[in-house]
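Beneath this line is the structure, given in structure tokens, with notes to follow.
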Amino acid sequence: MRRVAACLSVIFCCLWQSCLAQAAERTIWLVNIGWHVGIALPIDPAVRRAIPELAAFPEADFVEIGWGDREFYRAENPGPAAAMKAALLPTPAVLHLYAFAGAVGARFSTSEIIGIALPDSEFTGILQHISASFDRSAAGDGGELGTGLYGASSRFIHATGTFHLARTCNTWTAEALAAAGLDIEPGAIVTAGSLMAAAREALARRRIPR
């Protein structure tokens, strides 16, 4: 009887620890809009502390964040000249925040999406990378550069770093994933397709028993 009780106790502890581990996980999403992959995060108090710029969106449940060339990203109809300049010359960067309510999949229903569950330590890593990408020393209204691509629920904000062919918007997103502990090489990432493929491969390697 004692052995049975001991076994049940061990099983209960394992199940409890598993539940705690799952509860501590938070999901992020890679959102591929075609030429660019952004990162969508659930907004909670920790995210709001790390990204105080979200104070402009008190009702939002999620934020999708992208980094890219300041001129190209903000242009309504960027032409070939802007694309060539962005690719060949190191140019100032910008962050784009899109805050919204409702499910990520519903908001980006026509986009390719990958969900990634991260434990707290890895979520903290990606959050630190994103927070460090804000140039909060920039002049202006909190570093803002105006309304974003989605109207009043989005903003362009001064960012650190420079954009060029060896460090594109997708390289930045890959850096964020690497900061979260994923086995991914940011320097090998240029296009949205290469990033999504690398993310899937990194997640597959995580599932292989060691």
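Here are some notes:
- Convex hull of alpha carbon positions in segment 164-210: directionally averaged projected area 3.0 nm².
- Separation of alpha-carbon centers, segment 95-130 and segment 142-191, rounded to whole Å: 13
- Note on 107, 207, 155: ascending count of other Cβ atoms within 10 Å places them as 207, 107, 155, the fewest first.
- Neighbour-count order for 153, 137, fewest beta carbons within 10 angstrom listed first: 137, 153
- Note on residue 147 and residue 106: with the Förster distance fixed at 22 Å, the Cβ-Cβ geometry gives a FRET efficiency of about 0.45.
- Per-residue Cβ neighbour rank within 10 angstrom, fewest leading, 35, 172, 29: 35, 29, 172
Rule-based calculations on the coordinates, nothing more; no lab input. Computed from a predicted model, the values in this text were never measured in an experiment. When we count neighbours, we look across all protein chains shown, and the Cβ atoms used for this are built from the backbone with ideal geometry, even at glycine.
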